[in-house]
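A short worksheet on the structure shown next.
Where a number appears in this text, it was derived from the coordinates with a stated rule and is not lab data. These numbers come from a predicted model, not from an experiment. Because the Cβ atoms are built from the backbone with ideal geometry, glycine has one as well, and the counts that use them run over all protein chains shown.
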Amino acid sequence: MNRNDRAITGLVMLSHSLVHTYEFAIPVLIPIWIATFDTSAALVGIVVTVGLSLFGLGSLPAGVLADRVGSKPLLVACLLGMGGAFLLLGIAPNLIVLTLALVFWGAAASVHHPAGLSLVTKGVKERGNAFAYHGTAGNVGTAIGPLLTTLLLFAFAENWRFVAAVLAVPALVGAFLAFRIDVDESAAVRPAATDGGDAGTDEDGSTDKGQPGIGSIEEFLSTSKVLLASAFLLVFGVVMLSGLYYRGALTFLPALLSGFDAISPVSVLGRTLEPANYVFTGLLAVGVFGQYAGGKLTDRIDLELGLLIGYGTLALIAVVYLPAASAGLLPLLALSAVLGFFLFFVQPFYQATVAEYTPPEARGLSYGYTYLGVFGVGALGASVAGGILTYFSQFVLFVVLAAFALAASGIAAYLHTRSD
């Protein structure tokens with residue numbers, strides 16, 4: 001990697017790790033919120049859905065802004081906003097303020113993926129390596145989030161409001177560091193200067209003096225029409241299903257795990273220790289290897305084939321997860337590790353697939369649509385999971401998750417056949 005590649009990769013790694021640190025602190029807090037506000041899993045699932053839906057819904061305007069004003073300013077704003085949201089969470093006296101804090105966090109966090117991935121695909125020449133490191137950093141955050149939250153809750157006698165305020169600090173420090181990083185955002189798509197040529201012309205035909213990106217509603221609608229009338233629409237279907245599986249599986253997983261006899265809560269020094277939270281953290285930590293392996297393989301195998309294998313495996317895991325959990329500690333830990341690996345293995349594949357199915361000048365918008373699907377539509381997975389657990393059973397939840405993954409695998413199979 002050259003200096004600019006390393007600078008961009010470091011910037012998106014910083015932002016990505018913190019986005020998922022906060023995202024996965026939330027599931028650890030959900031059982032405490034249910035007890036604190038004396039409510040049901042279904043209602044808290046709706047609260048989380050409302051808040052986290054902005055994580056996806058905000059991606060579309062963020063993608064437009066990434067094409068228009070650049071990615072770095074948006075990433076700095078993302079980090080500032082997430083820190084502010086957790087400060088608000090720390091003073092939430094009721095579910096209404098809690099919801100507002102989660103909405104604020106979701107809106108801020110929604111900026112990262114369209115801005116960060118647009119920056120990688122337009123600014124980094126060694127894109128596969130950048131995807132691998134970006135994904136790995138995200139999974140470091142997913143592991144640190146629940147682990148740090150669990151340790152802080154144990155240390156401060158489950159004073160979750162104080163813990164939320166402490167968790168705001170890393171994002172505020174990260175914003176300062178991000179502001180100081182200097183990057184060339186279009187180094188990978190700008191043609192080299194030639195004698196007699198125009199070195200200031202970008203791949204999309206705009207000049208350095210011109211205003212890039214979408215500048216009007218008409219441009220937004222026409223560009224969106226081109227994207228959604230192409231094979232990108234099928235990729236969009238894959239990422240929506242992926243988001244439903246992802247959010248449906250992970251939102252209530254700590255609570256589900258604590259109900260298994262093999263890892264039920266225990267009392268230590270007069271305080272409750274939750275082994276389920278450590279298993280959840282371990283599952284997410286294994287995702288580091290899934291992200292890294294997936295990122296490296298995007299340059300080595302057909303992207304559509306990677307999606308087919310990944311989602312097919314996730315469907316199988318959903319079918320056998322409960323029987324494995326009932327069989328004892330070792331089967332539960334082993335299958336949780338496999339779930340963590342493949343849940344994140346698919347992410348660099350769909351990120352790279354988006355880049356292959358879209359033009360550079362609409363890259364920010366295309367990633368905006370992508371994360372509208374993953375985290376916007378996908379946020380409904382929290383409500384689906386909460387409703388199923390309240391009114392049906394764990395078995396029904398995992399059947400529904402398997403159906404999501406099978407549908408995504410079927411679309412990937414069609415795309416693979418079409419690409420051949």
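Data table
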item	result
D38-R68 FRET efficiency (beta carbon distance; Förster radius 51 Å; 0.05 resolution)	0.65
Label point distance in nm, L234-S419, each placed 7 Å from Cα along Cα→Cβ	1.0 nm
Derived scalar couplings ³J(HN,Hα) [the stretch 105-118; Karplus, 6.51 cos²θ - 1.76 cosθ + 1.60; whole Hz; x for Gly, Pro]	4, x, 4, 5, 5, 4, 5, 4, 5, x, 6, x, 6, 4
Packing-based order for 173-180, 39-46, using average beta carbon neighbours within 10 Å, highest first	39-46, 173-180
Charge sum, other residues only, whose C-beta stays under 13 Å from T298's C-beta, Lys/Arg counted +1 and Asp/Glu -1	-2
Gain in span if fully extended, K125 to A187, counting 0.36 nm per residue against the direct Cα distance	21.6 nm
Whole-Å distance, taken between Cα centres, linking the stretch 28-103 and the stretch 345-389	17 Å
Summed side-chain charge close to A168 - residues other than A168 whose Cβ falls under 15 Å, Lys, Arg +1, Asp, Glu -1	0
Projected label distance in nm at Y391 and L151, using a 7 Å step from Cα toward the beta-carbon	4.1 nm
Integer Hz, Karplus 6.51/-1.76/1.60 couplings in order for the stretch 132-144, x for Gly and Pro	5, 5, 4, x, 4, 4, x, 6, 4, x, 5, 7, 5
Cα-based helix-to-principal-axis angle, 329-356 vs the chain, degrees rounded to 10	20 degrees
Vicinal HN-Hα couplings computed from phi for the stretch 150-162 (Karplus, 6.51 cos²θ - 1.76 cosθ + 1.60; Hz; Gly/Pro x)	4, 5, 5, 4, 5, 5, 10, 6, 6, 7, 5, 5, 5
For V183, net neighbour charge (Lys/Arg +1, Asp/Glu -1) across residues whose Cβ lies under 12 Å away	+1
